[in-house]
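What follows draws every value from the coordinates through simple rules; no lab data is involved. Since the model is a prediction, treat every value here as computed from it, not as a measurement. Cβ coordinates were reconstructed from backbone atoms using ideal geometry, including for glycine residues, and neighbour counts include every protein chain displayed.
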Amino acid sequence: MSKIKIFHVLTDTNIGGAGRVLIQFLKSYRRDLFDVTVLLPRGAELLSLVEAEGVPVILTEHGGDKSFDRGAVAEYRKIFRQERPDVVHTHSSLSARIAAYTSGVKSRIYTRHCTFDMPKKLTSFPGKQINGFVNNRLATRIIAVAYSAAENLTDTGVSEKKITVIMNGVSPLREVTEDEKAALRESLGIRTGDFVCGISARLEPYKGHAYLLDAAKKIAGAEAGDRIRFVIMGTGSEEETLKNRVRDEGLSNVVFTGLVKDVAPYYFIMDLQLNCSYGTEATSISLCEGMSIGLPALVTTFGGNPYVIEDGVNGLTVPPRDAEAMAEKILKAASDPGLMRELREGANRIYSEKFTARSMTEQMEKIYIEEAKRIGKEP
C-alpha cells in the first residue's frame, strides 16, 4: 500500500492560527497512511515546531507573509513538478494554489482560516463572479474552519459543494503544578480570592482590546469590582497605545504579559477567558485550549465565536464593541459560583464532543482519502 503524499504550504513567518492548527494535525495524523511534507518560507518561526514532530520541511525563498508573489508561484511550481505530491493543501497562499493548478496537481485543498466582514466589491457583480471563478477553479476542495468562514466563501461566489466545515481542534493543555500557579499569581500581583479574566490575542484593533479596557474601567468603579483582575497576553501594533491608556487612566486591575509561549499556567489561573473580537475571528484556538481544561469564556457574537461558545452553557456572549454588556456579564460571573460551576462543566463537555485535535484530524484525513480515491490513488 502506497501512502498519500501531501504537501502543506504556509506562508506565515510568525506563528498564527493556521500554523497552530497544522501543528495539532501533525501531532496526531496517521503516518501509516499519509506522507506529509511542509513548505515554509525561510525564517518561519514554525520551523522548529514542525521539525519537532519529525515531519520534513522544504524552505522557500519567496512568498513569506504574502498570499500572492510571482516569485513564489515559480518556486512552488518547480517543487511540485519535482516532488509530484498527490495533494497540495494550502493555507491562504494564492501563489501555491496557482502553482499546484498549473503544474498539474490533481488534488488541491485550500483552508479558509479567518472570518471578517466581506467588502461589497467581492459580494456583488462582477467581483463575486470573478472571485468565485478563481477559487472554484484553483481548489478541488475547500475547508472552512467555521460556519462563518464558509458563509464568507459562498457570499463571494465559491461553490457550496466544494466546502467542508471542520472546526479547529486542540490537544489538552499540559498539567500545571500548584507551585507554578502560585508563582505566576505572585508575579502578576494576583491575590488569593481574585477573579481572573484573561485574553490571549494579538494586540490589534480588530481584537477589541479597547472595549475590554472600557469594561475594566467600569468594573473598577463597581462595588464588587475590586477583586476582579484582567490579564492581557500578546503583542501587536496596539501594544503601546493600550499600555499608555492603562497608565493614564490608572487601571490598576489590568496587567500585560507580553508574548507568552506557554499559555498553560496562565489559563490554569484564569476564571474566565475573554474574546472581544469584532473582526477576523473563526474558530478560536485559544477558546478551544481553554475549554480543554474546563475554562469557560465570555466572547463577542462575531464570526465563529457563537459556534464555539453558547451563552449559559460553556460561557457567556455579548454583542461586539459593547463594553457595558461585557462589564455586566463579568460582574455577574464573578458573583455567581453556581453559574461558574455550570459553565466549567459545559466547557469540559463541549470540548470533548467537538474540539479535540483527533476529531479535527480524522475529518481532515477523511477528505484526503476521498480526494485520493477521486484521482485514482488508493490509500
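Below 8 Å, C-alpha to C-alpha, sequence gap of six or more: please give me the relative contact order for the chain in percent.
Numbers: 740 pairs, mean separation 62.2, N = 379.
Rounded, it is 16 percent for the chain.
Compute the signed sum of charges (Lys and Arg +1, Asp and Glu -1) over the other residues within less than 11 Å, Cβ to Cβ, of residue 12. Could the numbers behind the result be given before it?
On the way: positive: 20, 66; negative: 45, 65.
Its environment carries a net charge of 0.
Here is how the number arises for the chain: DSSP H runs of 4 or more residues each give -39500 (n - 2.57), the sum is divided by the residue count, and the result at 222 nm is -13000 deg cm²/dmol.
Counted by neighbouring Cβ atoms within 10 Å, the residues 339, 272 run from fewest to most as 339, 272. Taken about its Cα centre, the chain carries a charge dipole of roughly 1680 debye when the Cβ of each Lys and Arg holds +1 and the Cβ of each Asp and Glu holds -1. Once the Cα atoms are used to define both axes, helix 17-28 deviates from the longest principal axis of the chain by about 70 degrees. Each residue, residue 177 and residue 42, gets one label point 7 Å from its Cα in the Cβ direction; the gap between the two is 4.3 nm.
Positive end of the dipole of the chain (Cβ unit charges, origin at the Cα centre): among 265, 122, 183, the Cα lying farthest that way belongs to 122.
Given R₀ = 22 Å, FRET efficiency for residue 310-residue 259 by Cβ-Cβ distance, to 0.05?
Numbers: r = 31 Å, r/R0 = 1.40.
Given R0 = 22 Å and the Cβ-Cβ separation, E is 0.10.
Pairs from the table (217/332; 27/354; 66/354; 5/128) lying more than 24 angstrom apart at Cα are 66/354; 5/128. If R0 is taken as 56 Å, the Cβ-Cβ distance between residue 57 and residue 227 corresponds to a FRET efficiency of 0.70. Rounded to the nearest 10 degrees, the angle from helix 239-248 to the longest Cα principal axis of the chain is 10 degrees.
Here the Kirkwood formula, the inverse mean of 1/r across different C-alpha pairs, assigns region 105-147 a hydrodynamic radius of 11.6 Å.
Quick check on the exposure proxy: order 185, 358, 191, 97 from fewest to most C-beta atoms within 10 angstrom.
Ranking 185, 358, 191, 97 by Cβ neighbours within 10 Å, fewest first, gives 191, 358, 185, 97.
Along the axis of the charge dipole computed for region 227-379 (Cβ charges of +1 for Lys and Arg, -1 for Asp and Glu, origin at the Cα centre), the listed residues 228, 306, 364 are led at the positive end by 364. Add +1 for every Lys or Arg and -1 for every Asp or Glu among the other residues with Cβ under 10 Å from the Cβ of residue 271, and state the total. That works out to +1. Taking the DSSP bridge list for the chain and keeping only pairs wholly inside it, about 0 percent are antiparallel. Each label was represented as a point 7 Å from its Cα along the Cα-to-Cβ direction; for residue 14 and residue 244 these points are 2.0 nm apart.
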